[in-house]
Structure formats: structure tokens, C-alpha cells
1. For a paramagnetic label modelled at 7 Å from the Cα of B:Arg278 toward its Cβ, which residues of the stretch B:368-392 fall within the zone defined by backbone nitrogen distances under 19 Å?
2. Go through the stretch B:79-85 residue by residue and turn each phi into a ³J(HN,Hα) via Karplus (6.51, -1.76, 1.60, θ = phi - 60°); whole Hz please, and just put x for glycine and proline.
3. Could you work out the helix-only [θ] at 222 nm for chain A, with each DSSP H run of four or more residues adding -39,500 (n - 2.57) and the total divided by the number of residues, to the nearest 500 deg cm²/dmol?
4. For the protein assembly as shown, with the dipole built from +1 on Lys and Arg beta-carbon atoms and -1 on Asp and Glu ones, taken about the Cα centre, which of A:Val158, B:Met1, A:Pro235 lies farthest toward the positive end?
5. May I ask you to evaluate 6.51 cos²θ - 1.76 cosθ + 1.60, the Karplus curve with θ = phi - 60°, for each residue of the stretch B:345-360 and list the ³J(HN,Hα) values in order in whole Hz, giving x for glycine and proline?
6. Rank A:Leu408, A:Ala289, A:Thr308 by how far each Cα sits towards the positive end of the charge dipole of the stretch A:260-417 (+1 on Lys, Arg Cβ; -1 on Asp, Glu Cβ) and give me just the farthest.
7. Classify chain B: rounded, prolate or oblate, from the alpha-carbon gyration tensor (a ≥ b ≥ c, eigenvalue square roots; a/c under 1.5 rounded; otherwise prolate if a/b is larger than b/c)?
8. What distance in nm separates the two pseudo spin-label positions at A:Asn323 and A:Phe291, each 7 Å out from Cα along the beta-carbon direction?
Number of protein chains: 2
Amino acid sequence: MARLVMKFGGTSVANIERIRNVARHVKREVDAGHQVAVVVSAMSGVTNQLVAYCKEASALHDAREYDAVVASGEQVTSGLLAIVLQDMGIEARSWQGWQIPLKTDRQHGAARIMEIDGEFLTSRIAGGQVAVIAGFQGIAPDNRIATLGRGGSDTSAVAIAAAIKADRCDIYTDVDGVYTTDPRMVPKARRLEKIAFEEMLEMASLGAKVLQVRSVELAMVKKVRTFVRSSFDDPAAVGVDQNGNPPGTLICDEDEIVETQVVTGIAYSKDEAQVSLRNVADKPGVAAAVFGPLADAGINVDMIVQNTSADGSTTDITFTVPNADHDRARAVLDAAMAKIGATNVQSSGDVVKVSVIGIGMRSHAGVAAQCFQALASKGINIRAITTSEIKISVLIDAAYAELAVRTLHSVYGLDKH
Amino acid sequence: MARLVMKFGGTSVANIERIRNVARHVKREVDAGHQVAVVVSAMSGVTNQLVAYCKEASALHDAREYDAVVASGEQVTSGLLAIVLQDMGIEARSWQGWQIPLKTDRQHGAARIMEIDGEFLTSRIAGGQVAVIAGFQGIAPDNRIATLGRGGSDTSAVAIAAAIKADRCDIYTDVDGVYTTDPRMVPKARRLEKIAFEEMLEMASLGAKVLQVRSVELAMVKKVRTFVRSSFDDPAAVGVDQNGNPPGTLICDEDEIVETQVVTGIAYSKDEAQVSLRNVADKPGVAAAVFGPLADAGINVDMIVQNTSADGSTTDITFTVPNADHDRARAVLDAAMAKIGATNVQSSGDVVKVSVIGIGMRSHAGVAAQCFQALASKGINIRAITTSEIKISVLIDAAYAELAVRTLHSVYGLDKH
């Protein structure tokens, strides 16, 4: 007997037929004797419609009222799944955030989970009843519904798994796991059987859209073993690969990964624009003068590179911003030009960030050198480099994205055998 | 300064543009210095969609889960109206049944209101904030959402008006008041300026679909002055008729109606089927044997007529059932035939019930005679008659419905002058 959280996203519950398929997945686990809590998103399209209503109602809508409106989508799905489960002879009951309660902070529209009454849920599922929980929401200290921000249902699921000390949190989505890289770009990409929390966090941050970054962070902190699998699998099939597991990827502690690869995956992000400030005075306070106005404008800055100047008078600063903020960043910087003392602002949206990720890097030298060499051998110029303990990111021309990813995927031995 | 409840139905909040129009009505009252609580229905079509989902999920869906699903419609509207009001510079906040709380009994899907925390709402609106309340729902003793049954938002509004001791409950709908009869059938129908609770109760029970019967009952018991008006009026117009009032009908205590008419209105209902049992044994227990099985089948019986038999051996029993239950009633009666000892069951769906309603009848003789005479003069045969203190109902052939209603409307002096 295990205790499981099963989470289903919007496309998995898009209509009653699909909800019935979801119920079959739940039935399989219940029939196996497991205790089950299910977390559901809104039916696909519903949240977008509700958000559009709020925007039409007022450009500057109150976040508390936005929450009351938008949270209704998950409420509907939770009730419908409970009905379908009951129809299959499975005891089930829906729960909203305010009923559990799942307490959040006061940040309506982007709330963080503060506390979950795990004992309440545990007592419910211990009796064999499936708890169907509306994802993406809780109750704030003002006794009003608060939502966790887009994609918050993944976070709900992981937080609930931690609260009820679940053996595993199964995330059912429209892909069957986490791949060594994007399989649409590299047909040789392999599905990973396991990936460490830290690696998944980098993958998610760098564009692999399987899981919300926040939910991976939470899973890492709370050590929630999280299994990503497809909701479109045959619900009756338990154990279909050589290890008796269904296809999917387990996100877990690195201790659980017996054979660590040096490099686990290659991620890329096209959502980048590069900005270079030429001939900036090399003196204290310059970085603050550049990045202060950008932060004030709510623009996230990434990959900051600043070289020491040759003569100690001026330097170049290069960084990336999200492509969506490119024009706004230009406007902010142009306005701040005089203060910065830069004579020249260059920027380009035609770049891509490619990242090599692997926990094994920590104990292996030469991984970065191998990357630079491989790209050089293909004539790919590197515009900027940033590294962390388990990641190397390079910024290159967008035209070389596919070539770079395929080359690195092959160089680090990730191609399908 | 008055304290008002304003209730808006589904067609009045069908989209954001209409919600904005609703907000203008609210703004007018707030600007006039009134304290306002608003009760809203779901956007038109939404509840039907949600009910259809539940039915598709399971023919025998759990009422508690049905409530969680269906109640979401009003939740959305309440949040959206609060946003639009705020956008107009009016302080507003949405409230769900569980937040107030508005407590119901355990009858999920058709719950009755047990208790409303009027003090909470009063303290909110006393500070000048508009309370926007999701209609049609409350919270049951099991801490779950309970809905009041279709059309329950009218009942919510009246109950809230009673709880906060409102001066008036304004029901905004898609017609501009209560008419002496259906204006689509009789162009000479007049809008009533006032109508007594008891009369309105008869009108609503007999097919005038302006208000839910339950809400009228509640208004009568709690003495809530209820004003029916159109939400499609110009929201800026305060006082447009000769008395300085907007067009509409006030449902109030009969004491408030200075000049009582003998007859206030003519109602009709086509949703009737007539059943006649011929040659039924005239002995104790026969009525129970007829109506017991019908009650067991959940079929409402109306207009029961039984004559004393001439020779004391057999009699005829005639009654009406809702047209929707006609076939089912036939099946039930055919099965019970032997027990009843009736030799012949006749039934027809081609009938209409026409009713003459007026509190003035209590003190005026001859109202019934006038009715029968008028119908006879037009050659209309009466199949059955029932009367109450303030009502005379006759069952006639459906083909004569319009002629009968027009004739009676004219006979009792209700035609527009």
C-alpha cells in the first residue's frame, strides 16, 4: 500500500470523456490498494476565458476578485471528477482550498502556500475515499480564495504530497516524461528514467516546459519524489517497460540515481534577447545604474557578463532579457543612457541560450571545455557564457540552435543507442 | 438613506457589457446615498452548461458534487461585477455563501436557507462598500456548498433583504414588472403598480414566470417589499412615471395598496393535463388508492374535483397533472386500475387552466358568477372549477385559452384605458 498524489492538467480534463479516462487511471491505483489524493486543473481553455473576462471587466482588476473568478475553473473539474469516480463505484469527494484548508499568504493572484491541513486529508483518504482537490488555489488570511499563479496546480500537487507524506506525486501531462533534450528538435533524444531535483530545476528554468519551476523547487526542498507521465497512456497498463514501470520520468534525490551521467540533458531557450552596452565607464555604481531601472520596470535580467576593461577606463556589459521585454528594455536603457555613460546600446532578439546540465559535472573536469570545443568545431560563435555548479549556458546565434543542441547531445553521449 | 438589495438575473449579466450596465444601476443607488447589497445569477447559459456536464458525468450524480460544480457560475459573476464596480470607482467586494455565511439545510441541490449572518453583511455595507453576493447558494452543515434549486437567486435576494432588514428588494429582470395578464397574449394588458403578496403568489404559481414561487412565499412571510423592474432600463433614469418611480411593480402588503381592485390579474397555464376516472366506487379509501400511487411516483396533482354520485354507488374523479407527467400518470393509473375499481380512465393534454386572481374577491360577491357567465357567453365549456379565497380557476379546452383570457381581462375592467 502506498500513498499517492495524482495530478492532471487542463488537456487531461478537457471534456467529460477525458475526465472519464483520468478516472480510470485513478481506479487502477485504488484497485491496487493505494490511498489516493487527486489534484486537478481547470478544463483546458476555461482559465483563459475567465482571465479574459477579468481583463474585459477592468484593465486594473482587483486581485482578490480575479481570484474568486478564476478559481472557479478548478472547482468545476474537481466536482466533475468526483462524480465520474462515484459513477465507477469509487468513493470520492471534491475539496476546495477553503475546505481543507490549504492556507496561503496574502499575495492574491500569485499566492504562496503557507500551510496545509495534511491530517484532514490523510484521515479522508485513509478510509479509502479518493480526495479530489481543486488545484491552483487556497484560502488567504482574509478568508478569501487566493490563486497560486498560472501553472500553480503542479505546485498544489507537490505541496499536498509533502503535507500528507505521500510516497510519490504523479504528474500526468501530455508528454510521457522528461527527455535528454527537446525530441521535436532532436529525434535521438531519450526519455530519462530518473533525473535529480537540481537537474530538473535547471531544465525547467531553461525552457523544458514539462513542470513549473516553482513545483520543482518545492519538490526539491520537501524531497517529494515526483513522477512525470502521460495521461493519454492506457489507464489499465501498470508496468510496461523493462523495469516494470510505466513510461515516465522520476524526479528524485540524486542518491536514488545509481548510475549518474556526467551530463543529463541539453536545454535551450529561444525566449532571449541580448543587450550589449559598449564603452561603459568602469567605476563603482555603474551596474546599479544599468540594472536598477530595468528592475524598476519589472524586467528580469539573465546571463550578465562584464569584462574587466583593458585600460581600466571603460568596459562592455552584456546581458539577456526575455524576448517579450526586448522593446521595453531598449526604451528603459535609452532613457538611462546619459546616467550610464554608455555610448552605444546594441541588442538582438536573434539569439538562443543553450545549456548543458548534469550533476556529474561537479566531479568531472573538462565538461565546459568539451562544450566549447564541440561548438567551435561546427563554426558556432559563442556570444556569452554563464556557468553554475551543474550547468553551462552559452548564448549563440539563433540560426545555430538546432546544430548546437544536436552536436552537444551527441558529444555527451546522450543519443539513443 | 435606504438599505437596498438589488438582484440581477442571468440575462442581465450575460456578458461584460451587460454587467457594466448592471453596475450603472448599482452606481445610481450608491450615488443616491443608499446602502446596497447586490445578488447575482450566473451568466445566462452557464448554469445549463454546468448541469449538462454533471449529467454527462453520471446520470445519477451526487448532489453534493453537483452543487460544487453548478455554484461556480454565480461565483464568477459576483467577482466580475465587483471588478466592474471598482473600475467605476465604487467600493465593492464579492461574497460567496460560505464566506457570509449563508447557512442552508442538508438538502443539496434543493436546499432551504436556514440562517444568514445579517450583521456581517450589514457591517460591510454600512461602511459604504457594495456587497456583491453569489445567488442561488449557501453552505450546508457538512461545510459544503449547497444550491437552492433552479431560480434560487430570487430566493437568495429576498432572504438577504430580510436578514439585513432592507427597505426594499429590487428584482431586475428582462420584463418591466408584473402585468394584469400575459402582454404577449393580450395587448391591452396593463403593468400593475402594486400587487399584494398573496396575489403575486397565485400569479407566480399559475404561470406568471416573473418571480420564483418560493421567493414570493418568503417575501410574504418576511414582509419584504419586493420591486420588479427591467434591467434594460436606462440606468440613469430615476423616476420616470407620473409618481416619480421607475416602471415596475411593487409586491407588498395589501395594507400598502390604497385602491384595491376586485380582480388584479388573469393568469393561465398550458402546462396541464386533465385526467378523469369514470365510474369509481363511491366508498372510503378510493381517493387514497388513486392519489397514493401518483404521489409515490412524484407526480403533483392539482384541481381535484369529485362529485357525489347520484345513486351512491359510483362517482367520477377529475384532476389535473403537469403535462410533462401526463404519460407517466397514465401508466401509474393503468397499473392501479383494478385496485381503484374504475372502469374507464380518460385524459387529455389539450387543456388550459385560466385563473382570475384578486384580494378584493374576499369582500365582493358575484365574482365567480361573472366569470362563468362571461365564458358561457363566448360558448366556452368549463371542464373543472376550483376556487380559493382570492382565486377562481377554470379548466377549459386549450383552443379557447386566448379568447377566455381576453374576455375575462375585459370583463373585470383590466383593459388599458
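1. Within reach of a label on B:Arg278, which here means backbone N under 19 Å from a point 7 Å along Cα→Cβ, the stretch B:368-392 contributes B:382-384.
2. Each residue's phi maps through the Karplus curve to give x, 5, 5, 4, 4, 5, 4 Hz.
3. Here the helix-only value at 222 nm equals -10500 deg cm²/dmol.
4. Of the options given, the answer is A:Pro235.
5. Once rounded to whole Hz, the list reads 10, 10, 8, 8, x, 8, 10, 9, 9, 10, 10, 9, 10, x, 5, x.
6. Towards the positive end, the residue furthest out is A:Leu408.
7. oblate
8. 2.5
Just so you know, all these numbers are worked out from the coordinates, no wet-lab data involved. Treat the numbers as computed from the prediction; the structure is a model and nothing was measured. Here the Cβ is made from the backbone with ideal geometry for all residues, glycine too, and neighbour counts use every protein chain on show.
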